[in-house]
1. Each residue of region 3-14 in order: what ³J(HN,Hα) in whole Hz does its phi give by Karplus 6.51 cos²θ - 1.76 cosθ + 1.60, θ = phi - 60°, with x for Gly and Pro?
2. Amide H of residue 100 versus every other amide H placed in the peptide plane: which residues, excluding those fewer than 5 positions away on the same chain, fall under 5 Å?
3. In terms of modelled amide H atoms, which long-range or inter-chain residues lie less than 5 Å from the amide H of residue 45?
4. For every helix of n ≥ 4 consecutive DSSP H residues, a contribution of -39,500 (n - 2.57) applies; sum these over the chain, divide by its total residues, and give [θ] at 222 nm rounded to the nearest 500 deg cm²/dmol.
5. Taking every DSSP beta bridge that has both residues in the chain, what percent is antiparallel when rounded to the nearest 5?
6. What nm distance separates the two modelled labels at residue 102 and residue 52, each placed 7 Å from Cα along Cα→Cβ?
7. Where in region 50-82 is the amide nitrogen less than 16 Å from a point lying 7 Å along the Cα-to-Cβ axis of residue 40?
8. How high is the relative contact order of region 2-105, in percent, with contacts defined as C-alpha pairs under 8 Å that are six or more residues apart?
Amino acid sequence: MGVRLILKNGILTAVLSGEIDHHSAREIRNEIDSTASKVKPKTLILDFSAVQFMDSSGVGLIMGRCKLMQIWDGSVEIANLPPKIERIVSLAGLNQLCVVRKGNLDESDE
């Protein structure tokens, strides 16, 4: 599991890959939070285009980033959800906390 962080125009994009489970969620959370606390972006985009699996640890990861961004009056967008992960996000009610983007991110967004 990995995360690649891209900062552009006040938007921090976290490109996630692999599997998000209890083993990887802590590392991802630490990397995102460390960078976000330094730059305080107005928007955090979580890009799931390369994620093959996510369990409840991924739900917690998303919820925690939503709370963090609320502290800074920012927002979280979830993008490029594979169908199985989109179902988990929907069932967990995360679409009530975050913007769920339909379709792919444009290259210009990165």
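Just so you know, all these numbers are worked out from the coordinates, no wet-lab data involved. Given the structure is predicted, the values throughout are model-derived calculations rather than measurements. Positions of Cβ are backbone-derived with ideal geometry, glycine not excepted, and every protein chain shown enters the neighbour counts.
1. 9, 10, 9, 10, 10, 8, 6, x, 10, 9, 9, 9
2. So residue 100 has HN proximity to 78.
3. For residue 45, the qualifying residues are 12, 13, 14, 77.
4. Values: 3 runs with 40 residues, N = 110.
Dividing the helical sum by the residues of the chain leaves -11500 deg cm²/dmol.
5. Looking only at bridges with both residues in the chain, the antiparallel portion is about 30 percent.
6. Taking the two extended label points, one gets 2.9 nm.
7. Backbone N within reach: 68-75.
8. On the way: 168 pairs, mean separation 27.4, N = 104.
Once divided by the residue count of region 2-105, the mean separation gives 26 percent.
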